[in-house]
1. Between residue 77 and residue 92, what is 0.36 nm times their sequence separation minus the Cα-Cα distance? Round to one decimal in nm.
2. From Cα coordinates alone, what are the radius of gyration and Dmax values for the stretch 72-189 in angstrom?
3. Past 31 Å, Cα to Cα, is the threshold; run 227/337; 260/342; 110/363; 110/227 against it and keep the listed order.
4. Give the shape of the stretch 241-359 as rounded, prolate or oblate, defined through the alpha-carbon gyration tensor: a ≥ b ≥ c are the square roots of its eigenvalues, a/c under 1.5 means rounded, and otherwise the shape is prolate if a/b is larger than b/c and oblate if not.
5. Mind listing the phi-derived Karplus ³J(HN,Hα) values for the stretch 173-180, rounded to whole Hz, using 6.51, -1.76 and 1.60 with θ = phi - 60°, and x for any glycine or proline?
6. Relative contact order, percent, of the stretch 175-234 when contacts are C-alpha pairs under 8 Å separated by at least 6 residues?
7. Return the whole-Å distance between the Cα centroid of the stretch 146-199 and the Cα centroid of the stretch 273-298.
8. Please give me the summed charge of the neighbours of residue 83: other residues whose Cβ is under 11 Å from its Cβ, Lys and Arg +1, Asp and Glu -1.
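What follows is calculated from the coordinates using simple rules that are stated; it is not laboratory data. Here the structure is a predicted model, which means the values were calculated and not measured. Every residue, glycine as well, gets a Cβ built from its backbone with ideal geometry; the counts of neighbours run over all protein chains shown.
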Amino acid sequence: MLPKLLHFYFFLTLAAGFIIGVLAASYTLSQGFIDYDSDIDKAQFTNSTSDDLPSTAWNESLVIEPATPDLASVAWNESLGFGEVLYVSMPDRTDRQDAMNLAASMSGLKLRLINGIDGGTISVKAIPDNNAKKWPDLMLSELGCWRAHADAWRYVIDSNIETALIIEDDIDWDKNVHQIFQDLSSQMQNSTLRLVPPTDHEQTSAPYGLDWDVLIMGQCYDAAHPKRLDLVHVYDDPNVPARKDIDQQFLNQMESLGVKGNDVGKKRLISPAYGPICTMGYAITRRGAQRLLLNLSYLSLRGPVDMDMMWRLQEGKIRGYSITPPLFSAWRVGGQKDSDNKINPNLPVSGKGNSGGWSRNIKTSARIAMVKELEMDNWVDYTKKGTPPKKQPAKGNNESRKGNATKGS
């Protein structure tokens, strides 16, 4: 009898162990499926790195979301997401420096002054070679302009900042400048024009990417590469000016790149920089500063700084993008103050002055907006607020004073 009981308990123990093992395995397997599903969900919200992609993926226009979704919000800081904002101004143009300081303060920007240079003070030995003779005779003002911008490039290199925005002292921008640059940042992070996918560093720390040397945003003329009109990135921007406020050369450029009709006044374009003129506003990377200093100083200077920069873009010596319509525009008053390069005795000194000044290619002028925001009439404000009327003296007192006055006379 005892051996039978032992066998019974032995088999009972084996059965219990088997059941426990099955239950444990089922639990482990279910947890594995849960973790697997969780990993899939996470993958849907986790951005792939360039290492995860096949080598041809980027060339097939695969868009990679930035690893830091709110990276574009850095555009709301005092440097618009760049390392610094530098502005070039002749030391004696304190009027323009006052204006830039005021406009920047009203827009939540912080600027660093780069002193303009009198071309006549540049040593003949310090002028770069001009073997190409594209522009044989540079005026002193053109030499000074080049030197001031070259000093800005040197500052970027010496300061070891990754990007900088360089502007001139006679410009205007939109009062919604932070929103405009946030939108631009988002678009550049997802640009279809990149030749290589963004690095991990770009995805986490570079609001505008780093696949460019110069970012042209304050040109007075521009044109796209005539043989590469397929290269364009178009996006919606509520701060684009209306057609009537956009200069014809930019309308022509936009039409050549496929933006016309009702899209004008709603769309902004990013395209490879090819034909920009003027240096009212542009950004550079540190590598861009190095390439500019190499090509427009160390090797040669073949013309005014904006023209030679354009030639280098066309030759492919530097890489850049143009933003159209531009984000910075010249502020004009209609007199001799509009230029540091030439003096026209036929024009009045001040023209209409800042009170009558204007700019183009801007939807809502920051300069005009700041005047409206700061204007006030203190005494009218008191009246509108409704101050209590003065207390009138009692009738008897009035009569007694009148009587005393009569007697005194």
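1. That pair, residue 77 and residue 92, stretches by 2.4 nm at full extension.
2. Cα-based Rg and Dmax for the stretch 72-189 come out at 16.5, 46 Å.
3. 227/337; 260/342; 110/227
4. oblate
5. Once θ is set to phi - 60°, the couplings for the stretch 173-180 become 9, 6, 5, 8, 4, 5, 5, 4 Hz.
6. Reported as a whole number, the value is 37 percent.
7. Centre-to-centre (Cα) distance: 11 Å.
8. 0
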